[in-house]
1. Given an 8 Å cut-off on Cα distances and at least 6 residues of separation, report the relative contact order of chain A as a percent.
2. Mind giving me the FRET efficiency for residue B:255 and residue B:86? R0 is 22 Å, r the Cβ-Cβ distance, nearest 0.05 is fine.
3. With no solvent and one point on each alpha carbon, what is the Debye value of log10 I(q)/I(0) for chain B at q = 0.12, 0.13, 0.14 Å⁻¹?
4. So for the range B:323-385, what are the equivalent ellipsoid semi-axes in whole Å, largest first, each being the square root of 5 times an eigenvalue of the Cα gyration tensor?
5. Could you order the peptides B:366-379, A:132-145 from most to least packed, using the average number of other C-beta atoms within 10 Å per residue?
6. Roughly what % antiparallel, to the nearest 5, for the DSSP beta bridges in the range B:30-174?
7. Which distance in nm do the two modelled labels at residue A:188 and residue A:61 give, with both placed 7 Å along the Cα-to-Cβ direction?
8. Report, in whole Å, the centroid distance computed from the Cα atoms of the range B:262-280 and the range A:96-131.
């Protein structure tokens, strides 16, 4: 379980007059479940990239626990991300031709870690997300099932942080609700800090806190209680 | 990782197959050219190996060797019988055998000579016996006539039309062991018979001119009287008189190396020409080498084009896979793993193509050599040499380097940019 402290983060792209993301201060407590919303182009994806270390913040500090990932080299960020972040993406990014189990194990395999040590956990996770056939090829799965595989994959190494980028956007409402429930339940059970970028009101409403981005800045940050109102 | 690579290749099997085939064909082209040229060299050298010295009338050295050793049909000027007489009696000569061409049986060249060539040019007798009279023949291993078969020679060089000689028929009395040379397709008959058929023998001379008397001086007096008796009982294979009829070429086996050089020197002046077949082949190989250089350049050009095409395809392919690469990075895959995936995929395809291409090239060279052997009798040995191994290693090294370029692109690609695409 890791908490996040952003300070003075500013991301600019060459040719654009204003920074795409400007966050003087943002804190997320360990174990907190946070929604990030905002219109497209408001900097949500950039925020995900910065807090996962996919992109390096040239300005400011991005602290998860005691580690400022903005100071890490690219290779070190990859290693840190593999260790600490579980990522669920809109397009699943499963690899066709591999079974559900192999997809779950792929990231540890590519890091050269023994997959055998993770096998039992992978099977258990697949069962927990409701998939009974770990050997099924992902090419034959429904979209809802695919996203469940992706959730299992994200949790394999017991990450302290679970980040979901539009996890329900490409699913029908029913599967979306199922995946949303899974994310909340598993983040709690696994003790992971949860950050969800979403337009899905049903999902956003079930989170502790909501951060709304507009033009790269935090617009309003209503308290959890306000959401219900 | 290898499991991911294999799953990926299975998914992209059509494109992978095209890459493998392209590489295989380009490699096969180069391999076939190299192997075929080497086979031609080795095969012709082996075919000429057993002939030390060829003496003919002044003219083209190449033509002399091609006709007398490779039995390629061509009309050669004749050397006077005196040369044969002198060589046969020369103490430095182990044996000297005339070769007279002109006729064929069903396309198999008829060679008039002496029994010495059964061992000297053929592989010795495999069955039957040597010819003992004018009307007998010994066939090469690849000639499809059985013992006791009667051969009706056609006038004209093999491969040309001509009329049948009714005046003589040969009976097959022996068959030679295979040698892998054009002599496997030859039919050996006594040179005296060829002379006779073409009106060059003693009898022709006797019939038409007084000059013929001279030709008889060294012979059995019986020749002068009875044609039939002569056919049956002539002493074949010399000794020949100085007035013996001319022959197109004489194959000479000198006793020593030194003798070979001395004889070559002596018979290179005036009306005769003496050559070591190896010498002439070396000159031919120089020409062959030029042709090989051209073909080799074409093959290398083709390979370079294929390499460029594959490089282009893979660079495009890697950029199309930006999302996949970005996703793998997002899931925590190290950059080296992505380099490894792209490099392994490409190297497997290209390396596999190269290996298949070597097989294809070898097969093509074998087929071509087989066709050539059927036509000419020369066995072309298609074989790899140790040097080919370094060529293979070199090719694989180049493909390893080529594969590294798109792999480097994958390595350097920022993951966030890939995911956004």
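Derivation of every value follows stated rules applied to the coordinates shown; laboratory data play no part. Since the model is a prediction, treat every value here as computed from it, not as a measurement. For neighbour counting, all protein chains shown are included, and Cβ atoms are generated from backbone atoms with ideal geometry for every residue, glycine included.
1. 28
2. For residue B:255 and residue B:86, the calculated efficiency is 0.90.
3. The calculated log intensity ratios at q = 0.12, 0.13, 0.14 Å⁻¹ are -0.93, -1.04, -1.16.
4. Calculated on Cα positions only, the semi-axes equal 48, 9, 4 Å.
5. Result, highest mean Cβ count within 10 Å first: B:366-379, A:132-145.
6. 75
7. In this crude label model, residue A:188 to residue A:61 measures out at 3.3 nm.
8. 82
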